[in-house]
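These notes concern the structure reproduced below.
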Amino acid sequence: MNTRTVNLNVNGDDLILNVPVHQTLLETLREQLGQTDTKYGCGTGECGACTVIVDGDKSLNACLTLTATMEGRSITTAKGLVKNGKLSEVQEAFVSETAIQCGYCTPGMVMKSTSLLLKNPNPSEEEIRKELEGNICRCTGYDAIVKAVQKASLSFPLIKNAAE
Ligand code: FES
Ligand code: FES
């Protein structure tokens, strides 16, 4: 099998991984590293369940990204937003606004929302809905998710610290 060695930082840990050249970042996270907090939904870039943050603030669909192309990059997953056992402001807001039902979309929603707030700490409702267009939730109807992001935006810049 054709493999490649990749240096990657995942949730603060420096890793040297040997991966098949065709392996996606989602497969690396879930199957090689056992980090199942990043979800597999469609595998084709349509649902956003696999969203992670790269290099501190950029959201990315892990199912569309080959790990072999990520040399030297840092990856943050929903698990990486938890600091000293404390949820990030965005995660807290999803809980307090009941923006979670089955929870399958939640890690991706949280990562996309965190990325948005890092770029735009005070987004309008329209901007939030536009940013989350690529993240599908089959349960909540989205209103509670938008409210959670609005609530979390009041806590900026704590969000910035959580992603670092
Ligand atoms: Fe990646 Fe659906 S699993 S976008
Ligand atoms: Fe079930 Fe979003 S809470 S898919």
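Residues of the range 12-164: accessible area per residue at 1.4 Å, in Å²?
Values: 7430 Å² over 153 residues.
Normalised by residue count, the accessible surface of the range 12-164 is 49 Å².
Sites listed here are GluC sites (Glu not before Pro) in the range 15-57 whose DSSP assignment is loop and whose Cβ has at most 15 other Cβ atoms within 10 Å: Glu46. With all protein chains in place and a 1.4 Å probe, the accessible surface of the range 20-164 carries 51 percent carbon and sulfur.
The aspartates and glutamates within cross-link reach of Lys119, meaning a Cα-to-Cα straight distance under 18 Å and a gap of 8 or more places when in the same chain, are Asp55, Asp57, Glu89, Glu127, Glu131, Glu133, Glu164. The GNM of the chain, with springs linking C-alpha atoms under 10 angstrom apart, assigns the highest mean-square fluctuation among Val146, Val52, Val95 to Val95. Note on the chain: GNM, Cα springs under 10 Å; of Thr51, Thr114, Thr28, the largest mean-square fluctuation is that of Thr28. By the rule of a C-alpha distance below 20 Å, with chain neighbours fewer than 8 residues away ignored, the lysines paired with Lys83 are Lys58, Lys112, Lys151, Lys160. A simple spin-label model places pseudo-atoms 7 Å from Cα toward Cβ; at Lys130 and Lys86 they are separated by 3.3 nm. Within the range 1-84, the proportion of C-alpha pairs whose separation exceeds 21 Å stands at 20%. Each other residue within a Cβ distance under 15 Å of Gly72 adds +1 if Lys or Arg and -1 if Asp or Glu, for a net charge of -1.
Placing +1 on the Cβ of every Lys and Arg and -1 on the Cβ of every Asp and Glu, with nothing else charged, gives the range 1-84 a dipole about its Cα centre of roughly 80 debye.
The values are calculated or read from the model by the stated rules, or taken from the named source; none is laboratory data. None of the values given here were measured: they were computed from a predicted structure. We place every Cβ from the backbone using ideal geometry, glycine too, and count neighbours over all the protein chains shown. With ligands, DNA and RNA removed, areas are computed over all heavy atoms of the protein, side chains included. Shrake-Rupley method; radii C 1.70, N 1.55, O 1.52, S 1.80 Å.
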